[in-house]
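Here is the structure we will look at, set down as structure tokens.
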Number of protein chains: 2
Amino acid sequence: MAATLRDVARLAEVSIKTVSNVIHDHPNVRDETRARVQSAIEELDYQPNMSARGLRSGRTGAIGLAIPSIRENYFAELADAVIEAADLHGVSVLVSQTNGLREAELDVLSGRRLRLTDGLLFSPASLGQDDRDLLNVRFPLVLLGERMFDGPTDHVTMLNIEAATAAVEHLISRGRRRIALLGVDAERLDEAGSANLRAAGYQLALQQAGIAYDPALVVGPAHWDHDDAAEATRALIRSGAPFDAVFAMNDTLAVGALRALAEARFRVPEDIAIIGFDDIEATRFSIPSLSSVDPGRSQIARLAVERLLHRIEEKNDRQPPQRFTTDFTIVARESTDHPAERSVDG
Amino acid sequence: MAATLRDVARLAEVSIKTVSNVIHDHPNVRDETRARVQSAIEELDYQPNMSARGLRSGRTGAIGLAIPSIRENYFAELADAVIEAADLHGVSVLVSQTNGLREAELDVLSGRRLRLTDGLLFSPASLGQDDRDLLNVRFPLVLLGERMFDGPTDHVTMLNIEAATAAVEHLISRGRRRIALLGVDAERLDEAGSANLRAAGYQLALQQAGIAYDPALVVGPAHWDHDDAAEATRALIRSGAPFDAVFAMNDTLAVGALRALAEARFRVPEDIAIIGFDDIEATRFSIPSLSSVDPGRSQIARLAVERLLHRIEEKNDRQPPQRFTTDFTIVARESTDHPAERSVDG
DNA sequence: GTGAAAGCGCTAACAC
DNA sequence: GTGTTAGCGCTTTCAC
């Protein structure tokens with residue numbers, strides 16, 4: 001059986017309060033006593049019972065991270081950054097996957113799903129702007145991503161529009177004019193999430209460069225996975241609409257596009273330049289390597305963890321919700337490292 | 001403030017014991033009483049305090065998963081499978097990353113790192129056969145991977161030797177004879193871990209096919225990442241040793257090799273066939289797609305979670321440690337979909 | 001079928 | 001500086 005405070009106190013011949021004082025580095029313990037307690041702790045290999053501490057203090061020392069799927073590289077890298085950041089504060093991370101299902105996301109918000117936690121970092125994939133009120137929960141919550149805005153909680157998000165504009169400007173700076181947008185149907189530009197923001201950034205960049213917007217170059221899929229991206233790119237190629245660059249709304253899409261372009265014997269970047277979004281590791285190891293937008297993931301994670309821990313600390317004097325944005329960077333790699341051979345005007 | 005059992009009991013006008021009986025689906029509660037309690041629970045949105053339950057019952061309802069890094073695709077997919085499997089049992093998963101550091105792995109085993117858990121799934125990357133005794137811990141532990149064998153705990157592992165043999169046989173069946181082994185230095189074949197087992201499988205397959213073993217075709221890196229894999233492959237190419245196939249000890253290495261081969265203008269699979277190991281998602285989206293060995297990851301996860309929960313359940317009548325192996329499959333994709341154009345004999 | 005009460009291990013207010 | 005003690009919310013034994 002594991003040792004308790006009582007056992008340590010008995011061995012060190014002090015009261016449990018003194019042991020507790022030693023553990024919590026409280027003052028008012030004589031050095032000699034402290035040493036005696038310390039050695040008792042070591043002798044018994046005493047480890048505090050976190051359930052008891054949690055019951056008493058109302059804190060578990062763990063936070064929840066609810067994301068669509070840890071298999072998606074972006075979220076794996078985000079989870080890594082969150083776990084690292086939490087570690088620095090001595091906090092553990094419980095990971096819950098929603099698979100993007102509304103039911104699962106509601107479960108998460110109900111608190112039914114993650115019960116040992118002091119608070120939650122939540123990156124929704126199904127809930128949208130209309131569900132904002134559901135974020136009024138009884139536990140500290142920090143929202144991630146770009147599906148809901150102006151909700152009742154702190155929110156950490158990237159500068160989607162600005163970053164997308166910069167990505168498209170990067171393509172334009174390489175002499176590209178017929179820039180396809182991969183990741184959203186032209187008819188659904190007004191829906192929630194990163195997609196429409198990035199699409200807005202795309203349109204803005206075109207406009208600023210005096211390039212006409214062509215809906216024929218805007219293709220799905222709604223699901224951002226390799227397969228659908230490859231299929232959408234094939235459809236774009238079949239459509240016959242000429243294009244000399246692709247702005248993929250994330251790197252997974254970009255990798256799928258790369259695959260479809262290779263099948264169709266397009267050269268990247270000579271014939272088609274590509275830039276993705278998220279700067280996941282895969283960008284560095286595709287052939288060719290993929291240019292991308294680094295959204296400042298570790299900054300997002302650090303900020304989010306710090307805000308959440310802050311909210312957990314704060315008692316009743318609750319501050320109004322705040323929104324935080326992170327810095328982005330364009331990372332130029334091989335897939336855009338070539339000026340257009342001839343400019344194709346629309 | 002969150003509602004407690006007491007609040008529910010008061011509202012339903014019963015004792016807390018009756019509420020507890022309802023919650024735990026115990027018999028001996030009249031239907032009418034049960035209904036009254038149920039509606040009180042709903043009215044108050046009562047949710048059991050897991051710390052209190054944990055303190056009382058000695059169970060937290062969470063398990064730990066300690067892996068090197070969630071960013072590595074293999075571990076992300078393993079974590080996904082573990083979380084899914086745990087979910088089926090109503091158990092949460094705390095993820096801890098060791099980054100392959102010995103210190104961190106010792107921390108994990110000391111129990112200092114994951115304290116809210118009932119048990120641990122541990123996939124070591126630094127600890128090896130000599131550290132077997134360290135696995136004698138006070139909490140339920142299930143070991144994953146192939147760095148330690150015959151330890152004092154349950155162990156779930158893949159059939160590395162057999163699977164590696166099958167992978168190499170797959171290359172041989174395509175007429176390949178000069179098969180490079182990527183992932184271990186020829187001088188270090190005897191060290192711990194998956195590497196030497198897979199190397200043994202490689203040697204076995206060659207032997208059975210009557211192909212001479214050539215240490216010049218066995219190249220590092222010790223770190224299984226894209227960069228080092230690409231570099232090792234470049235070195236192999238520079239060495240001038242002729243080869244017509246690569247068996248990469250995991251898919252990450254295979255992707256790195258693919259990159260180096262493309263740079264050197266080798267065609268895959270026409271000039272060089274490649275097979276990897278782990279069957280991560282990236283295999284399906286590389287160009288060409290990568291053949292691989294599917295190690296039965298979800299089976300590993302399910303087995304591991306079930307064994308761990310079983311160990312958590314069992315009282316003092318502890319069974320001896322058991323070892324479990326999973327089924328593997330060779331998944332043939334484009335990278336091996338071509339018979340050798342001419343056989344190069346060694 | 002239901003209730004009363006002890007106690008899991010810890011924290012912290014209070015006493016000395 | 002150190003000790004005593006109440007009580008966090010729950011489970012469970014035992015009584016009725």
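The values are calculated or read from the model by the stated rules, or taken from the named source; none is laboratory data. Computed from a predicted model, the values in this text were never measured in an experiment. Cβ: placed from backbone, ideal geometry, glycine included. Neighbour counts: every protein chain shown. Surface areas here come from the heavy atoms of the whole protein model, side chains and all, with no ligands, DNA or RNA. Shrake-Rupley method; radii C 1.70, N 1.55, O 1.52, S 1.80 Å.
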Leaving out ligands, DNA and RNA but keeping every protein chain, what accessible area does residue A:42 have, in Å² rounded to the nearest 10, with a 1.4 Å probe? 140 Å²
With a ≥ b ≥ c the root eigenvalues of the C-alpha gyration tensor of the protein assembly as shown, is it rounded (a/c under 1.5), prolate (a/b larger than b/c) or oblate? oblate
Most fluctuating residue of B:170, B:310, B:155 in a GNM of chain B with Cα springs under 10 Å: which is it? B:310
Over what distance in Å are the Cα centres of region B:17-38 and region A:279-342 separated? 50 Å
On average, how many beta carbons from a partner chain sit within 10 Å of the beta carbon of a residue in B:97-104? 1
Using the 7 Å Cα-to-Cβ label point, sort the distances from residue B:43 to its equivalents in the other copies shortest first and give them in nm to one decimal. 5.6
Cut-off under 5 Å, modelled amide H: who pairs with residue B:93 long-range: A:95, B:63
Accessible surface of region B:1-108 [probe 1.4 Å, protein heavy atoms]: carbon and sulfur percent: 49 percent
Residue B:237 accessible area, 1.4 Å probe, all protein chains in place, Å² to nearest 10: 40 Å²
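Based on the Cβ-Cβ distance of residue B:32 and residue B:2, what FRET efficiency does E = 1/(1 + (r/R0)^6) give at R0 = 22 Å, to the nearest 0.05? Can you show the working numbers first?
Working: r = 27 Å, r/R0 = 1.22.
For residue B:32 and residue B:2, the calculated efficiency is 0.25.
Once you order the gyration tensor axes a ≥ b ≥ c over the Cα atoms, which shape class does region A:45-108 get: rounded for a/c under 1.5, otherwise prolate or oblate by comparing a/b with b/c? Each step should come with its number before you reach the end.
On the way: a/c = 3.36, a/b = 1.66, b/c = 2.02.
Verdict is oblate for region A:45-108.
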Please give the total accessible area that chains B and A bury against each other, computed with a 1.4 Å probe and expressed in Å² to the nearest 100. 4500 Å²
Could you pull out every residue, at least 5 positions away or on a different chain, whose amide H is within less than 5 Å of the one on residue B:279? Hs are placed 1.01 Å off N in the peptide plane, and Pro or chain starts have none. B:251, B:293
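Mind checking A:124-135 for the average number of partner chain beta-carbons within 10 Å of each residue's beta-carbon?
Numbers: counts 0, 0, 0, 0, 0, 0, 0, 0, 0, 0, 0, 0.
Going residue by residue through A:124-135 and averaging, the value is 0.
Arrange the residues A:294, B:25, A:278, A:130 by how much accessible surface each exposes, largest first, with a 1.4 angstrom probe.
Numbers: A:294 45, B:25 125, A:278 10, A:130 150 Å².
Heavy-atom accessible area, descending, gives A:130, B:25, A:294, A:278.
So how do B:285, B:122 rank on accessible area, 1.4 Å probe, biggest first, that is with the largest at the start? Write out the running numbers ahead of the final one.
Details: B:285 20, B:122 0 Å².
Largest accessible area first, the residues go B:285, B:122.
Quick one: pull the percent of accessible area on region B:212-346 belonging to carbon and sulfur, 1.4 Å probe, ligands and nucleic acids left out.
Details: 2920 of 6030 Å².
Here carbon and sulfur together make up 48 percent of the probe-accessible area.
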Among A:21, A:49, A:136, whose mean-square fluctuation peaks in a Gaussian network model of chain A (Cα, cutoff 10 Å)? A:21
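Starting from 0.36 nm per residue, how many nanometres of slack lie between residue B:39 and residue B:239 once their C-alpha separation is accounted for?
Details: separation 200, 0.36 × 200 = 72.00 nm, distance 7.61 nm.
Length gained, residue B:39 through residue B:239: 64.4 nm.
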Across all directions of projection, what mean area in square nanometres is found for the Cα convex hull of chain A? 21.3 nm²
Put a label point 7 Å from Cα along the Cβ direction on residue A:262, then list its distances to the equivalent points in the other copies in nm, shortest first. 0.4
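If R0 is 35 Å, what FRET efficiency do you get for residue A:310 and residue A:47 from their C-beta distance, rounded to 0.05? Please report the intermediate quantities before stating the final value.
Numbers: r = 28 Å, r/R0 = 0.79.
The formula returns an efficiency of 0.80 here.
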Residues whose modelled amide H sits under 5 Å from the amide H of residue B:333, counting only those 5 or more places away in sequence or on another chain, are B:291, B:292
Along the Cα→Cβ direction, 7 angstrom out, place labels at residue B:319 and residue A:129. What is the inter-label distance in nm? 5.6 nm
With the other protein chains left in place, how much accessible area per residue, in square angstrom, belongs to region A:1-77 at a 1.4 angstrom probe? 57 Å²
Average Cα contact separation per residue, chain B, under 8 Å, 6 or more apart, as relative contact order %: 16 percent
Show B:117, A:233 ordered by accessible area, largest first, where the area counts protein heavy atoms only and the probe is 1.4 Å. B:117, A:233
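Based only on Cα atoms, what Rg/Rh ratio does region A:208-346 have, Rh being taken as Kirkwood's radius?
Values: Rg = 19.0 Å, Rh = 17.0 Å.
Reported Rg/Rh, Kirkwood definition of Rh: 1.12.
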Accessible area of residue A:123 in the full protein assembly, 1.4 Å probe (Å², nearest 10): 10 Å²
Once you have the Cα-Cα distance between residue B:103 and residue B:23, take 0.36 nm times their residue separation minus that, and quote the gain in nm to one decimal. 24.5 nm
Which residue is it, in chain B, that holds its beta carbon closest to the axis of the B-onto-A rotation, and how many whole angstrom away? B:76, 2
